[in-house]
Every structure is written in structure tokens, then in C-alpha cells.
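Participant: Have a look at this one.
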Amino acid sequence: MWHRPVTAPVVIVTTQADDIGPDHVDVVRSVAGAITVERDRVKGSRFVADLAPASDDASALATVAAIRTRHADASHHCWAFRLASGRARSDDDGEPGGTGGPPILRHLDGARLADVVCVVTRWYGGTNLGTGGLARAYGAAAAAAIEEAVIVEQPRLTHFEVTHPWDLTAPVQAVLAGHDAATVDADYGVDVHLSVSVAATRAGDFEAAIMEATSGRVAAVRS
């Protein structure tokens, strides 16, 4: 039987890294919001899985830190995250190497999730589970959270910085509108500086359109 306790807010931490190459996908599958799932005890050990959105290292590690604080009495907090960029990190938090974080990451990847972090917290129950038993228990807890989560799909985004003189505002804005670009930040000074996001599938066209619309005076720089 699975129980779903209430989730809590977030805050910070340190770790080990496990970087991999970028995952070139056009659509990002992630989770709609944070979810907490508790699985049945395994030989006395209690396992609680927290699954949450994470847009970057900082937000993922903030979630890990918050869960450490929430469950300060636990024995271990094993975790993994995967970003849309392809970057991944995992940590066994004192469990035998490869028995905590990696099994969690395998389940995230198996579900094709990105921009997501999963923390599985364990309270030791008095009986050793062995390396195989630990890997199965951590993986099963992550799988349970994924099964309960609401999965959302959205276009993968490419981010640009665009700086242009005021007299080119109209053509630049026309290109932004024509490519469904979202303005994330704007600074209006001597020139106009925009931070924008465009669907990755349209990034190349967007760069070319900015150059063409401004007769080569303005370039969209990937950030």
C-alpha cells in the first residue's frame, strides 16, 4: 500500500556530480508539481520518495536540502536529478556505492523525465538489506513516486540575449512575435537588451530572422 504525506517548502546543500552528454530532444517531459510517496516498509526500513520539478542544479539541490531538514532524523537521503540539458547528478548519501542515487536516476531516465529531482529518504529498520536489496528498494520508491506524478510535456527551449538600438524595436518585436518567443527579462537603457526563450526547434530560424530583419545589425546570442 502507498501513502502520500504532505509535501513541504524548500532551501540548500553540497554533493558529488555525474555529468553526461546533452540529450537532444524537442519536448521535455517533467512533473507538474512536487509529490511525496511512502512505500511499505522493507525489512523494517521506511522509504519515502519526494519527486519535484527542478530547472537547474540550484533548484534541485535546494529541494534535497529542504528534505534533509524536513527528515533530519532519517538515516539516508539518496537522490538524483536530470535536467533537459542532459546534465545529471546522483548521490548515495553514505549507502554502499551505486545502491541509492543511480537506481533513482535509472527510473527517471526510464520514464524519460527531465528537469526533475527525486529524493528517497530511508530510516534504517535494524536489518541490512544488502546491495541488491538496497538498489531495489530505492528504485521501487522512485518508481512509485513517478507512477503517482502528473507528467507534463512542453517544448524544449533555447535561450537568447538580444541587444538592439531603439530604432530597430519594431522589426525585432515582429520577429519575436513571429517565433512565439517569450521575453524573460528586459533592460531599457541606451539600447534595449532582451533575454528571450524560443522553442529549440525554431532556434536556428529565429537567429536567421533577427539578422535578416535588422539587415545584420543585431544578432541573437545563445545564452
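Values quoted throughout were computed directly from the atomic coordinates according to the rules given, and no laboratory measurement underlies them. Model, not experiment: these values are computed from the prediction. Cβ placement follows ideal geometry from the backbone for every residue including glycine, while neighbour counts extend to all protein chains displayed.
Participant: One-quarter of the Cα convex hull surface for segment 52-129, in nm²?
Facilitator: 5.2 nm²
Participant: Continuing with the same structure: Evaluate the relative contact order of the chain (contact order divided by residue number), counting alpha-carbon pairs under 8 angstrom at least 6 apart; express in whole percent.
Facilitator: About 22 percent, as a whole number.
Participant: Using the 10 angstrom Cβ neighbour count as an exposure proxy, how do R82, R89 rank, fewest first?
Facilitator: Fewest-to-most ranking of R82, R89: R89, R82.
Participant: Once the Cα atoms of helix 57-70 and of the chain are each reduced to a long axis, what angle between those two axes, in degrees from 0 to 90 to the nearest 10, is obtained?
Facilitator: 30 degrees
Participant: May I pose another question? May I ask you to derive the relative contact order of segment 37-95, considering only C-alpha pairs under 8 Å and at least 6 residues apart, and to give it as an integer percent?
Facilitator: About 21 percent, as a whole number.
Participant: Between A208 and A186, what length in nm is gained on full extension when 0.36 nm per residue of separation is reduced by their alpha carbon distance?
Facilitator: Answer, rounded to one decimal: 5.8 nm.
Participant: Classify segment 157-222 as rounded, prolate or oblate, taking a ≥ b ≥ c as the square roots of the eigenvalues of its Cα gyration tensor: rounded when a/c is under 1.5, otherwise prolate if a/b is larger than b/c and oblate if not.
Facilitator: Judged from the Cα gyration tensor, segment 157-222 comes out oblate (a/c at least 1.5, b/c at or above a/b).
Participant: Just from its helices, what would the mean residue ellipticity at 222 nm be for the chain, if runs of 4 or more DSSP H residues each count -39500 (n - 2.57) and the sum is divided by every residue, rounded to the nearest 500 deg cm²/dmol?
Facilitator: -9000 deg cm²/dmol
Participant: Sort S75, S55 so the one with the fewest other Cβ atoms within 10 Å of its own Cβ comes first.
Facilitator: S55, S75
Participant: Give me the percent relative contact order of segment 27-153, please, defined on Cα pairs under 8 angstrom at least 6 residues apart.
Facilitator: 39 percent
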